[in-house]
1. Checking Ile57 against (1) open to solvent by less than 50 Å² (accessible area, probe 1.4 Å); (2) among the aliphatic types (A, V, I, L, M); (3) at pLDDT below 95, which single condition isn't satisfied?
2. So Tyr94 fits all but one of (1) modelled with pLDDT of 95 or more; (2) over 17 Å from Cys22 (Cβ atoms); (3) not polar (S, T, N, Q); what number is the exception?
3. Quick check on my filter: what residues within the stretch 108-122 are over 17 Å from Cys22 (Cα atoms) and surrounded by 14 or more Cβ atoms within 10 Å (Cβ to Cβ)?
4. For the stretch 14-29, does any single residue satisfy the condition of being charged (D, E, K, R), over 18 Å from Tyr94 (Cα atoms), open to solvent by 30 Å² or more (accessible area, probe 1.4 Å) and in contact with a strand residue (DSSP E or B) (Cβ under 8 Å, 6 or more places away or on another chain)?
5. Could you tell me whether Ala40 is open to solvent by less than 10 Å² (accessible area, probe 1.4 Å) and either under 14 Å from Tyr94 (Cβ atoms) or not acidic (Asp, Glu) (or both)?
6. Would you be able to tell me the number of residues in the stretch 73-90 that are closer than 20 Å to Leu4 by Cβ, crowded, with 18+ Cβ neighbours inside 10 Å and among the aliphatic types (A, V, I, L, M)?
7. Check Ile93, Ile70, Ile51 and return the single one that is under 11 Å from the mean Cα position of the chain (by Cα), closer than 24 Å to Gln1 by Cα, open to solvent by 50 Å² or more (accessible area, probe 1.4 Å) and of a type in the set (Val, Ile, Thr).
Amino acid sequence: QVLLVESGGGLVQVGASLRLSCAASGRIFSNFRAGWFRQAPGKEREYVAAIRWSGDITYYADSVKGRFTISRDNAKNTVYLQMNSLNPEDTAIYYCAARPGGSVTDPTYDYWGQGTQVTVSS
């Protein structure tokens, strides 16, 4: 079993930055991958970014490429999502997810966090 806990959300103004954290506990192995999703009210869930737990292979949605950076600290079992140049379209609940194996482009995940709200005010 894997437990994921997100933190770092909040209310910011246009152009600001936020860093989300996803702390993992349980049976995390080097072949895991972690991803970030977001869901805005009335919209479908969007696969935002992903990273292999043991490597530097990453994935970004076109909507965030160049503004968001995913990284991980294996020693802390934590994955981060650095979000820069935020705009109102980034407002959503952001979820962390994890799954053993597979490609970072695959949006299928087994374990999910509870989500953290990000609101970008204009």
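The values are calculated or read from the model by the stated rules, or taken from the named source; none is laboratory data. Being a predicted model, the structure only gives us computed values, none of them experimental. Glycine also receives a Cβ, built like all others from the backbone with ideal geometry; neighbour counts cover every protein chain displayed. Ligands, DNA and RNA are excluded from the accessible area calculation, which covers all protein heavy atoms including side chains. Shrake-Rupley method; radii C 1.70, N 1.55, O 1.52, S 1.80 Å.
1. In the conditions (1) open to solvent by less than 50 Å² (accessible area, probe 1.4 Å); (2) among the aliphatic types (A, V, I, L, M); (3) at pLDDT below 95, Ile57 misses (1) alone.
2. Failed condition: (2).
3. Let us first name the residues in the stretch 108-122 that are over 17 Å from Cys22 (Cα atoms), namely 108, 119-122.
Correct list: Thr119, Val120.
4. So in the stretch 14-29, the residues charged (D, E, K, R) come out as 19, 27.
With over 18 Å from Tyr94 (Cα atoms) added as a condition, the list becomes 27.
Subset that is open to solvent by 30 Å² or more (accessible area, probe 1.4 Å): 27.
If we keep only those that are in contact with a strand residue (DSSP E or B) (Cβ under 8 Å, 6 or more places away or on another chain) as well, we get 27.
Yes.
5. On the way: open to solvent by less than 10 Å² (accessible area, probe 1.4 Å): no; either under 14 Å from Tyr94 (Cβ atoms) or not acidic (Asp, Glu) (or both): yes.
No, not satisfied.
6. The total comes to 3.
7. Details: Ile70 fails: open to solvent by 50 Å² or more (accessible area, probe 1.4 Å); Ile51 fails: open to solvent by 50 Å² or more (accessible area, probe 1.4 Å).
The conditions single out Ile93.
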